[in-house]
Amino acid sequence: MTVDRKREARERFLLGGMVVRAGLTKADRAFLLGGLLELAKVAPGSSEHRRLREIGETAFKAQPSDVPSSPIKETREWR
C-alpha cells in the first residue's frame, strides 16, 4: 500500500469514527450528506462556525460515553 493510500484510508477511518461518536450510525446516507453539505455552507469564522466548533471541541474532550447520543432513529439500509 502506498503512502497516499494509507493516508487516505486513515482519513476515512477517522471520519467514520466521528459519525460513530456523533451517534449517527443508523442515519441514512442521504441525511448525512445533506447535513454535511449544509455544514459546508457555514462561513469559517462566523458565529455559527464558532458555535459548532465549540460543541465539537467539547465532544472531543469528553469520554465517548459522556457524549449524548443523537436523537436520529433512521434505519434505512446503506446503498
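Among residues of segment 1-29 that are more than 21 Å from Thr58 (Cβ to Cβ), those with a Cβ under 7 angstrom from a residue that is aromatic (Phe, Trp, Tyr) and modelled with pLDDT under 90, sequence gap 6+ or separate chain, pair up as Arg29/Trp78. Got a sec? Which of Leu52, Leu33 is open to solvent by 90 Å² or more (accessible area, probe 1.4 Å) and modelled with pLDDT of 95 or more? Residue meeting the stated conditions: Leu33. The set of residues in segment 33-62 being part of a helix (DSSP H, G or I) and either touching a residue at least 24 places away in the same chain (Cβ under 8 Å) or in contact with a helix residue (DSSP H, G or I) (Cβ under 7 Å, 6 or more places away or on another chain) (or both) consists of Ala59 alone.
The values are calculated or read from the model by the stated rules, or taken from the named source; none is laboratory data. Small disclaimer: the values here were computed from a predicted structure and weren't measured. All Cβ positions, even for glycine, are placed from backbone atoms using ideal geometry, and neighbour counts span all protein chains on display. All accessible areas refer to the heavy atoms of the entire protein, side chains included, with ligands and DNA or RNA removed. Shrake-Rupley method; radii C 1.70, N 1.55, O 1.52, S 1.80 Å.
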